[in-house]
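*Asks:* Handing you this structure, nothing more for now.
FYI, it's all coordinate maths here, none of it is from the lab. Owing to the predicted nature of the structure, the values given are computational and were not obtained by experimental measurement. Glycine also receives a Cβ, built like all others from the backbone with ideal geometry; neighbour counts cover every protein chain displayed.
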Amino acid sequence: MRQQMVLGTFIFGLSRGFAYDTLDRGSTGGWVSLDIIAGKPKSSQVGQGLETLTLGGKAVRAKGMQRLDELRALQDLRAPLPLVDGLGRNWGLWTIKSVNEKQAGVIDDGTAMAIGWSLVLEEFVNA
């Protein structure tokens, strides 16, 4: 079974009907500017910040709604989770910062025909 990524026990991929189509990765270098009254700001190194990953995609119907509930259940654990990509690369531990969804085409029983979703993860480092 092919998969894009696994977060804890959650599998992203077409085989589960829940694949992401965007991945945004952010990192900072740890530089800040300190204002100086009589000159240009001074650059100072305060240490590298934590990386963030934002995954986004589209899901459909009750299956998509169920997968988002599964992600929220992982978020409710309030624990760092291992992240491994489809090539077997271990990305380390990550926390779920937010799970967002936008439902469209909601029918009379409350099922969304289309769901746009995003998941924001933050690197977990406690060493």
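*Asks:* Could you say whether any residue in region 25-47 is within 16 Å of Val125 (Cα to Cα), without any contact (Cβ under 8 Å) to a residue 12 or more places away in the chain, out of contact with any helix residue (DSSP H, G or I) (no Cβ under 6 Å at 6 or more places or on another chain) and of a type in the set (Lys, Arg)?
*Replies:* no
*Asks:* Moving on to the next point. Which number in (1) under 12 Å from the mean Cα position of the chain (by Cα); (2) of a type outside the set (D, E, K, R); (3) over 29 Å from Asn126 (Cα atoms); (4) assigned to a loop (DSSP other than H, G, I, E, B) marks the one condition that Tyr20 misses?
*Replies:* Checking Tyr20 against (1) under 12 Å from the mean Cα position of the chain (by Cα); (2) of a type outside the set (D, E, K, R); (3) over 29 Å from Asn126 (Cα atoms); (4) assigned to a loop (DSSP other than H, G, I, E, B), the one that fails is (3).
*Asks:* Applying the selection to region 43-79, what residues are part of a strand (DSSP E or B) and among the polar types (S, T, N, Q)?
*Replies:* Result: Ser43, Ser44, Gln45, Thr52, Thr54.
*Asks:* Looking at region 78-95, which of its residues are touching a residue at least 40 places away in the same chain (Cβ under 8 Å) and either exposed (fewer than 14 other Cβ atoms within 10 Å of the Cβ) or of a type in the set (S, T, N, Q) (or both)?
*Replies:* Gly86, the sole residue that qualifies.
*Asks:* Still on this structure, I have one more. Looking at Lys40, is it out of contact with any strand residue (DSSP E or B) (no Cβ under 6 Å at 6 or more places or on another chain), basic (Lys, Arg) and assigned to a strand (DSSP E or B)?
*Replies:* yes
*Asks:* When you scan region 33-49, do you find a residue that is over 14 Å from Phe12 (Cα atoms), aliphatic (A, V, I, L, M), surrounded by 10 or more Cβ atoms within 10 Å (Cβ to Cβ) and touching a Ser or Thr at 6+ places or on another chain (Cβ under 9 Å), even just one?
*Replies:* No, region 33-49 contains no residue that is over 14 Å from Phe12 (Cα atoms), aliphatic (A, V, I, L, M), surrounded by 10 or more Cβ atoms within 10 Å (Cβ to Cβ) and touching a Ser or Thr at 6+ places or on another chain (Cβ under 9 Å).
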